[in-house]
Amino acid sequence: MSRELMFENDRTICWKTTISPNNPLKMHRHDRARCIVGLAGGTLKKTMEDGAVSDLVFETGRAYWLEADPPNELHADVNEGDADIVVMVTELKDDADRDGTRDAAAACGCGEAG
């Protein structure tokens, strides 16, 4: 997975994220609500800590809204397709980002497993 910072201001931070095939992302959570736009769509297999599995489908050219993950709830993802999934992610900053408690540009922890 790679993330490229595209834009940031006091209210949002925007990343272009590429998720390559068959490189599982480690357990992580998303602290911020976000809008995701599929640039090169595909399906991510999402596995929760308790073993529950679901698909996250991103269609090319379509926008999606995802709320912040609940506290203490982790998941892992894998692109089981044959091509990269590329999305534009715009996260809404909260008070912890604005007051310096959390580094808004820090990785979400979803880097490749290993």
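Points worth noting:
- Annotation: for a label point projected 7 angstrom from Cα along Cα→Cβ of Lys16, residues of the range 41-56 with backbone N closer than 20 Å are 41-43.
- Exposure check, 1.4 Å probe, all protein chains in place: Met27 carries approximately 80 Å² of accessible surface.
- Solvent-accessible area of Trp15, all protein chains in place: 20 Å² (probe radius 1.4 Å, heavy atoms, ligands and nucleic acids excluded).
- Accessible area expressed per residue, the chain, with surrounding protein chains retained (probe 1.4 Å, Å²): 56
- Once the chain from Glu49 to Ala33 is taken as fully extended at 0.36 nm per residue, the excess over their C-alpha distance is 3.7 nm.
- Placing +1 on the Cβ of every Lys and Arg and -1 on the Cβ of every Asp and Glu, with nothing else charged, gives the range 12-80 a dipole about its Cα centre of roughly 300 debye.
- Value of Rg/Rh across the chain [Cα atoms, Kirkwood radius]: 0.95
- Our coupling estimate for the range 60-67, obtained by passing each phi through the Karplus curve with A = 6.51, B = -1.76, C = 1.60 and θ = phi - 60°, is 4, x, 9, 9, 9, 10, 10, 6 Hz, Gly and Pro reported as x.
The values are calculated or read from the model by the stated rules, or taken from the named source; none is laboratory data. Please read these numbers as outputs of a predicted model, since none were measured by experiment. Cβ: placed from backbone, ideal geometry, glycine included. Neighbour counts: every protein chain shown. SASA here: full protein model, heavy atoms, side chains in, ligands and nucleic acids out. Shrake-Rupley method; radii C 1.70, N 1.55, O 1.52, S 1.80 Å.
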